[in-house]
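Every number here is computed from the coordinates shown, using simple stated rules; none is lab data. Just so you know, these numbers come straight off a predicted model, no measurement behind them. Glycine gets a Cβ as well: all are built from the backbone with ideal geometry, and neighbour counts include every protein chain shown.
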Amino acid sequence: QVQLVESGGGLVQAGGSLRLSCVTSEIIYFFNAVGWYRQAPGKQRDLVATVSNGGSRNYADSVKGRFTISTDVAKNTIYLQMDSLKPEDTAVYYCNARRVSPVINDYWGQGTQVTVSS
């Protein structure tokens with residue numbers, strides 16, 4: 001059973017930084033891609049950042065230049081470094097891991113709240 005556990009959320013002032021961590025029960029290479037999504041009240045869950053096994057990174061336009069996704073294979077951990085935070089970044093952030101074979105499966109963490117005050 002795949003388990004993803006996030007941590008690192010909290011309250012921060014605009015312009016500040018946070019680093020989110022996601023520890024997975026599986027080695028990172030078990031997944032074809034891992035990443036972060038976020039969901040604000042009344043909004044859909046949107047992609048924030050992903051990184052594939054090949055190292056290809058994808059960021060939402062709204063976070064490019066401010067957020068950085070990385071992994072530590074030895075620690076089975078996915079990170080999201082968030083800098084220059086804005087109030088519109090306020091959301092619940094979810095860790096995601098995707099495996100595409102034999103069928104596409106997405107695994108999700110429980111979410112961690114990030115609140116950015118103005």
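Values for this structure:
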{"quantity": "Calculated FRET efficiency for the pair SER84/ASP61, C-beta based, R₀ 22 Å, to 0.05", "calculated": "0.90"}
{"quantity": "Relative contact order of the range 50-118, defined on C-alpha pairs under 8 angstrom at six or more residues apart (%)", "calculated": "24 percent"}
{"quantity": "Under 5 Å, built H, 5+ apart or other chain: amide partners of PHE67", "calculated": "ASP83"}
{"quantity": "Distant-in-sequence amide H partners of LYS86 (H built 1.01 Å from N, under 5 Å)", "calculated": "GLY15"}
{"quantity": "Fraction of the pair-distance distribution of the chain above 23 Å, Cα-Cα pairs, percent", "calculated": "23 percent"}
{"quantity": "Local electrostatic count at GLY15 - Lys and Arg +1, Asp and Glu -1, tallied over other residues with Cβ under 12 Å", "calculated": "0"}
